[in-house]
Amino acid sequence: MDADILIAGAGPAGLAAGLALARLGKRIVVAGPADDRLSARTVALFDGSVRFLAALGVWDRIAPRAAPLATMRIVDDTGSLFAHRPTDFKASETGLEQFGFNIENADLTRALEAALAEEPNVRRRHDLVTGYDFEAECCRVGLANGETIEVQLVVAADGRASPARAAAGIGVREWAYPQVAFTALLDHAIAHGDASTEFHTREGPCTFVPLPATETSTHRSSLVWMMRPAHADQLRALSDADLARAIEKQSYHLLGKITLARRGAFIPIQGLSARAMTAPRLALVGEAAHVFPPIGAQGLNLGLRDVAHLAEYIERLQPDDAGARHVLDAYERARHGDVLSRQIAVDLLDRTLLAGFLPVDILRAAGMAALTTIAPLRRFAMREGVLPGVGAPDVMRQPDQRAQSRPVLPGAQ
């Protein structure tokens with residue numbers, strides 16, 4: 001074999017997979033160009049993801065560029081007769097200093113690439129994969145530079161279109177929402193106070209997430225604003241100044257005067273679910289396996305849990321063959337419930353906001369009232385939103401929650 005494992009795709013999930021699996025002593029090839037261009041996209045990394053990145057020795061590179069998320073605020077802006085009052089969920093109620101941290105995608109990618117470059121078990125190839133030949137004992141992978149690499153396992157982190165998934169014959173279920181998401185980075189006059197604020201509107205959530213200060217801006221946040229396509233068309237035509245005023249109005253001037261620091265894209269909202277997360281000699285992670293709306297910051301956190309679980313089962317079962325069927329079967333079983341439950345929860349919340357039916361409004365208001373007033377339910381919901389209480393990878397748990405009999409990644413504290 002030329003290597004033990006090839007990672008197809010060099011986004012954050014693929015780069016993290018390269019680090020995690022190399023730390024198990026596996027010979028790794030990470031293939032694909034990394035996109036570290038500046039954009040208006042950020043990612044909120046929950047506590048479990050932060051623990052995982054710390055175990056990989058990369059969190060110290062990331063932390064200076066990240067802002068803590070100490071409070072999650074939900075504001076019902078649907079106009080419903082049964083709208084619930086604004087609700088603050090505080091990390092301190094669950095024993096955490098913060099739920100997690102928010103960071104620009106480009107900064108996260110650069111930090112992971114830098115760590116990967118120092119890893120002796122990793123060979124980095126910036127070429128795209130052009131073909132796969134899956135066999136019983138190995139997979140032969142062709143790169144655009146003409147190189148052929150034989151490995152025991154391919155980890156597909158190559159996005160929602162995933163050529164690796166298609167080559168292995170794994171089908172998908174796809175769907176679309178009548179929504180577009182607009183992203184932007186904002187400078188604003190009033191401090192965010194380490195609070196993420198999510199306005200629930202009839203067109204979907206509009207979320208303001210803290211970012212750290214820079215040399216040129218004291219108060220910064222990222223924006224993900226989901227809306228109907230017709231509304232997106234109206235905003236797309238606005239100047240930066242007029243768009244900033246529209247954002248101020250939507251936020252009820254919560255952050256004071258707003259300036260667009262970086263204008264992002266208007267992205268159609270779609271969903272995807274792979275019908276399996278494994279095939280012979282293949283494991284899917286991240287958006288190659290699951291895609292759904294940018295609600296509750298589930299996307300990359302779910303992808304990092306994919307990676308952590310895959311590394312955990314390779315380490316726990318200690319196979320000489322990283323792509324052995326029993327390892328992949330264990331991984332498939334471990335991920336199914338987590339992915340499905342998050343997919344259902346996000347889809348349900350989004351569709352209830354769009355529905356506009358009185359009975360649905362009553363149920364949503366009753367649910368928020370219960371979360372506000374019933375302390376045990378409130379704490380349970382917050383903990384589950386950050387990390388599933390059952391079946392989470394050991395490396396992502398707090399030390400006193402880990403199964404003592406299970407090995408964890410080297411470096412985990």
Note on the chain, DSSP bridge orientation, antiparallel percent to nearest 5 equals 75 percent
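Going from the alpha-carbon gyration tensor of the chain, what semi-axes, largest first and in whole Å, does one get by taking the root of 5 times each eigenvalue? Could you put the intermediate results ahead of the total?
Details: eigenvalues 261, 105, 90 Å².
Semi-axes (√(5λ), whole Å): 36, 23, 21.
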Most packed first (mean Cβ within 10 Å per residue), the peptides 55-63, 8-16 order as 8-16, 55-63
With N residues in segment 1-132, Rg(alpha-carbon) / (2.2 N^0.38 Å) equals 1.32
Distance in Å, no decimals, from the C-alpha centre of segment 241-281 to the one of segment 330-367 is 20 Å
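In percent, how large is the relative contact order of segment 1-78, given Cα pairs closer than 8 Å and 6 or more residues apart? It would help to have the intermediate numbers written out before the result.
Values: 54 pairs, mean separation 20.1, N = 78.
This gives 26 percent for segment 1-78.
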Here, segment 137-180 modelled as identical Cα point scatterers in vacuum has Debye log10 I(q)/I(0) at q = 0.18, 0.21 Å⁻¹ of -0.67, -0.82
Computed, not fitted: 222 nm per-residue ellipticity of the chain from DSSP H runs ≥ 4 (each -39500 (n - 2.57)), nearest 500, equal to -10500 deg cm²/dmol
Carbon/sulfur accessible area of the chain, % of total, 1.4 Å probe, equals 54 percent
Segment 46-196: spread of alpha-carbon positions along the three principal axes, whole Å, largest first, is 59, 39, 30
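Stretch residue 63-residue 262 to full length: gain in nm at 0.36 nm per residue minus the Cα-Cα span? Intermediate values should be presented prior to the final figure.
Values: separation 199, 0.36 × 199 = 71.64 nm, distance 2.15 nm.
Extending this stretch completely gives an extra 69.5 nm.
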Rounded to the nearest 10 degrees, the helix 240-250 long axis (Cα) sits at an angle to the longest Cα principal axis of the chain of 70 degrees
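Between residue 90 and residue 348, what length in nm is gained on full extension when 0.36 nm per residue of separation is reduced by their alpha carbon distance?
Details: separation 258, 0.36 × 258 = 92.88 nm, distance 2.36 nm.
Contour length minus the Cα-Cα distance gives 90.5 nm.
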With every protein chain kept in place and a 1.4 Å probe, the chain has an accessible area per residue in Å² of 42 Å²
So, relative contact order of the chain in percent, Cα under 8 Å, 6 or more apart, is 22 percent
Between residue 117 and residue 81, Cβ-based FRET efficiency (R0 41 Å, step 0.05) works out to 0.10
Rounded to the nearest 10 degrees, the helix 325-355 long axis (Cα) sits at an angle to the longest Cα principal axis of the chain of 20 degrees
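The values are calculated or read from the model by the stated rules, or taken from the named source; none is laboratory data. Note that the coordinates shown come from a computational prediction; the quantities given were computed from them, not determined experimentally. With ideal geometry, Cβ positions are generated from the backbone for all residues, glycine too; neighbour counts draw on all protein chains shown. The area values use the complete protein model at the heavy-atom level, side chains included, leaving out ligands, DNA and RNA. Shrake-Rupley method; radii C 1.70, N 1.55, O 1.52, S 1.80 Å.
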